[in-house]
Amino acid sequence: MASPASSLGRIGVLLVNLGTPDSPQTGDVRRYLNEFLTDGRVIDIPAAVRYPLFQGIVVPLRAPKSAKVYQQLWTERGSPLLYHGLDLKRLVQEQLGEQYVVAFGMRYQKPSIESALEELRDAAVDRIIVLPLFPQYAAASTGSVQQKVMEIVSKWWVVPSISFISTFTNDPGFINTIATLGKEEMAKHKYDHIVFSYHGIPERHVLKGSYKGYCQLGSCCDTYNEKNRYCYRAQCYETSRLVAKELGISKDQYTVSFQSRLGRDPWLQPYTDFVLKDFPAKGIQNVLAFSPAFVADCLETTVEVGFEFKEMFEAAGGSHWQLVPSLNSHPLWVQAVTDMVRNN
């Protein structure tokens, strides 16, 4: 009997990550930030204010500083976010076989979502599965990718069936890969405490997407259910609970916190940079840090969590801070992505 996939035409798979500058030079970083920070789903203020504020003031001031940070991140292969994405694309393609066509794109800059979709259209795929590589759904990340994909294909004369994998917060393969990498680090050193540091979002983003006012930024995230399954905060807590269970640690042995805030409005709390400074005074000297909102090495993991937070922790009197590597193209992660695609 033919398998479901073989009874149809070829299936297109679009893997999408956030984006990266073409180089760590100021001009390329400025172009990236211009596109990123003027996205109405990222900065949800009126366009008449957003464009002049960020293109005219924020980006010109931020780009030179960000370029210096990107220079710390850059490798001989270029941007880790890009080459790990391309590696993942290749390995998932090998796993899925000829019945599938796997493409990779970035929400901002290159390779673009449009070029990746063109690759799938040229292959005459019967349908497309879109997997934004953001484990926890947020309107500013996954939602932005979905909107961009729909804008592009709406201009096609023939639009194939398209489905989105909107979240993989609690996907068993995703959780298992994170836990496996964590166990490897825990075997090398004894840790007093674990931190799950997620990229922050403004509190208003959570409240805007709340199901009938269910989300209150409090104990509503203690359980994960049909009412908060797309609440970013609830998803972060759920991922943390599941990884902690795999690691065999109790609730008092880990902290969930949020990083990378921008502007003066309140973002999801507690803030990682605040939390870590209090650890040494509580007798916590050895910390293992996870970044479960990211599946590939990037500025927010390698530089912010791996270097900057380490320096802050040690300056506050801490002894050892260790970042767990991102999933990148780990064989377990490749298998997890392959399984998610096949299950959809």
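The values are calculated or read from the model by the stated rules, or taken from the named source; none is laboratory data. Keep in mind that this is a model prediction, so the values were computed, not measured. Counting neighbours? That spans all protein chains shown, and the Cβs are built from the backbone with ideal geometry, glycine included. Ligands, DNA and RNA are excluded from the accessible area calculation, which covers all protein heavy atoms including side chains. Shrake-Rupley method; radii C 1.70, N 1.55, O 1.52, S 1.80 Å.
If you roll a 1.4 angstrom probe over the protein chains with everything in place, what fraction of the accessible area of segment 71-224 belongs to carbon and sulfur, to the nearest %? Could the numbers behind the result be given before it?
Working: 3580 of 7110 Å².
About 50 percent, which is the carbon plus sulfur part of the accessible surface.
Just the accessible area for Lys89, please: 1.4 Å probe, Å², rounded to the nearest 10?
Accessible area of Lys89: about 50 Å².
Put His193, His320 in order of accessible area, largest first, 1.4 Å probe: what do you get?
On the way: His193 15, His320 50 Å².
My answer, sorted largest first, is His320, His193.
Over all directions, how big on average is the projection of the convex hull of the alpha-carbon atoms in segment 242-336, in square nanometres? It would help to have the intermediate numbers written out before the result.
Working: hull surface 28.4 nm².
Taking the Cα atoms of segment 242-336, their convex hull projects to 7.1 nm² on average.
For Arg90, project a label point 7 Å along Cα to C-beta. Then give me every residue of segment 104-137 with its amide nitrogen under 14 Å of that point.
104
Quick one: angle between helix 113-122 and the longest Cα principal axis of the chain, in degrees between 0 and 90, rounded to 10, please.
30 degrees
Between the helical axis of 59-73 and the dominant principal axis of the chain, each derived from Cα atoms, what acute angle in degrees is found, rounded to the nearest 10?
The helix 59-73 is inclined about 80 degrees to the chain.
Could you check what % of the DSSP bridge pairs in the chain are antiparallel, to the nearest 5?
Numbers: 2 of 36 bridges.
If we restrict to bridges inside the chain, about 5 percent are antiparallel.
So for segment 217-269, Kirkwood radius off the Cα pairs, Stokes-Einstein at 10 °C and 1.306 mPa s: how many µm² s⁻¹? Don't jump to the answer; show the numbers that get you there.
Working: Rh = 12.3 Å.
Rounded, D is 129 µm²/s.
Rounded to a whole number, what is D in µm²/s for the chain from Stokes-Einstein with the Kirkwood radius over alpha-carbon pairs (20 °C, 1.002 mPa s)?
Values: Rh = 21.0 Å.
Here the translational diffusion coefficient equals 102 µm²/s.
For a label point 7 Å from the Cα of Leu61 along Cα→C-beta, name the residues of segment 257-284 whose backbone N is under 11 Å from it.
Correct set: 263.
How many angstrom lie between the C-alpha centres of segment 189-203 and segment 216-245?
So the separation of the two Cα centres works out to 15 Å.
What is the Cα coordinate range of segment 109-257 on the first, second and third principal axes, sorted by size from largest, in whole angstrom?
Per principal axis, max minus min of the Cα coordinates gives 57, 40, 26 Å.
At what distance in nm do the modelled label points of Arg204 and Phe274 sit from each other, each positioned 7 Å from its Cα along Cα→Cβ?
About 1.9 nm separates the two model spin labels.
Step through the residues of segment 249-265 one at a time and calculate ³J(HN,Hα) from phi using the Karplus curve (6.51 cos²θ - 1.76 cosθ + 1.60, θ = phi - 60°), rounding each to whole Hz and writing x for Gly and Pro.
Result, rounded to whole Hz: 10, 8, 4, 7, 9, 9, 10, 9, 9, 9, 10, 6, 6, 9, x, 9, 5.
Over the Cα atoms of segment 32-80, each weighted equally, I'd like the Debye log10 I(q)/I(0) at q = 0.14, 0.27, 0.32 Å⁻¹, rounded to two decimals.
Debye output, listed in q order: -0.42, -0.94, -1.12.
Per 0.36 nm of contour for each residue apart, how much would the distance between Asp265 and Glu226 grow if the chain were fully extended, relative to their Cα-Cα spacing? Provide the component values of the computation, followed by the final result.
Values: separation 39, 0.36 × 39 = 14.04 nm, distance 2.83 nm.
Length difference between fully extended and current span is 11.2 nm.
For the chain, what is the mean residue ellipticity at 222 nm derived from helices alone (per DSSP H run of n ≥ 4: -39500 (n - 2.57); sum divided by total residues; nearest 500 deg cm²/dmol)? Don't jump to the answer; show the numbers that get you there.
Details: 12 runs with 137 residues, N = 344.
After summing the helix terms and dividing by the residues of the chain, the value is -12000 deg cm²/dmol.
Given a 1.4 Å probe, how much area per residue of segment 95-181 is accessible, in Å²? Before the final figure, lay out the partial values.
Details: 3400 Å² over 87 residues.
Ligands and nucleic acids excluded, the result is 39 Å² per residue.
Between Ile162 and Gln72, what length in nm is gained on full extension when 0.36 nm per residue of separation is reduced by their alpha carbon distance? The partial results should precede the final answer.
Details: separation 90, 0.36 × 90 = 32.40 nm, distance 3.83 nm.
This chain segment gains 28.6 nm when fully extended.
Compute the Kirkwood hydrodynamic radius of segment 182-275, taking the inverse of the mean of 1/r over all pairs of distinct Cα atoms, and give it in Å to one decimal.
14.3 Å
Per q in 0.15, 0.20, 0.23 Å⁻¹, report the Debye log10 I(q)/I(0) for segment 99-175, using one uniform scatterer on each alpha carbon and no solvent.
With no solvent term, the Cα-only Debye profile gives -0.53, -0.92, -1.15.
Could you pull the accessible area for Ile152 with a 1.4 Å probe, rounded to 10 Å²?
20 Å²
Rounded to the nearest 20 debye, what is the charge dipole size of segment 1-96 about its Cα centre when +1 sits on each Lys and Arg Cβ and -1 on each Asp and Glu Cβ?
Details: 11 positive and 8 negative charges, 32 e Å.
The calculated dipole for segment 1-96 is roughly 160 debye.
Residue by residue through segment 297-311, which ³J(HN,Hα) values in whole Hz follow from phi under the Karplus form 6.51 cos²θ - 1.76 cosθ + 1.60 (θ = phi - 60°), with glycine and proline marked x?
Result, ordered by residue: 4, 7, 4, 5, 8, 4, 8, 5, 6, x, 10, 5, 5, 4, 4 Hz.
At each listed q (0.09, 0.18 Å⁻¹), what is the log10 of I(q)/I(0) that the Debye formula gives for segment 1-126 modelled as equal alpha-carbon point scatterers?
Result of the Debye calculation: -0.36, -0.96.
Under a 5 Å amide H to amide H cut-off, with H placed in plane at 1.01 Å, what residues pair with Val130 once short-range neighbours are removed?
Leu14, Ser163, Phe164, Ile165
Under a Cβ-only charge scheme (Lys and Arg +1, Asp and Glu -1), can you give me the dipole magnitude of the chain about the Cα centre, in debye to the nearest 20?
Working: 35 positive and 35 negative charges, 132 e Å.
The calculated dipole for the chain is roughly 640 debye.
At 1.4 Å probe size, put Asp39, Asp297 in order of accessible surface, largest to smallest.
Details: Asp39 15, Asp297 35 Å².
Putting Asp39, Asp297 in descending order of accessible area: Asp297, Asp39.
Among 282-288, 115-121, 70-76, what's the highest-first ranking by average C-beta atoms within 10 angstrom per residue? Numbers along the way, then the final one.
Working: 282-288: 16.6, 115-121: 19.0, 70-76: 13.7.
With the highest mean Cβ count within 10 Å placed first, the list reads 115-121, 282-288, 70-76.
Please report, as a whole percent, how much of the solvent-accessible surface of segment 257-344 comes from carbon and sulfur atoms (probe radius 1.4 Å). Kindly include the intermediate steps, with their values, before the conclusion.
Details: 1800 of 3650 Å².
So the carbon and sulfur contribution to the accessible surface is 49 percent.
So what's the angle, to the nearest 10 degrees on a 0 to 90 scale, between helix 142-153 and the longest Cα principal axis of the chain?
With both axes taken from Cα atoms, the answer is about 20 degrees.
Mind giving me the nanometre distance, one decimal, between the label points for Ile152 and Tyr51, set 7 Å out from Cα along Cα→Cβ?
My value for the distance between the label points is 2.3 nm.
Report the Rg/Rh value for segment 60-111, based on alpha-carbon coordinates and the Kirkwood definition of Rh. Show your work: numbers first, answer last.
Details: Rg = 14.9 Å, Rh = 13.1 Å.
Taking Rg over the Kirkwood Rh, I get 1.14.
Just how much of Phe274 is accessible, in Å², when a 1.4 Å probe is used and the result is rounded to the nearest 10?
110 Å²
So what are the radius of gyration and Dmax for the Cα set of segment 301-344, in Å?
Over segment 301-344's Cα set, Rg and Dmax evaluate to 16.1, 48 Å.
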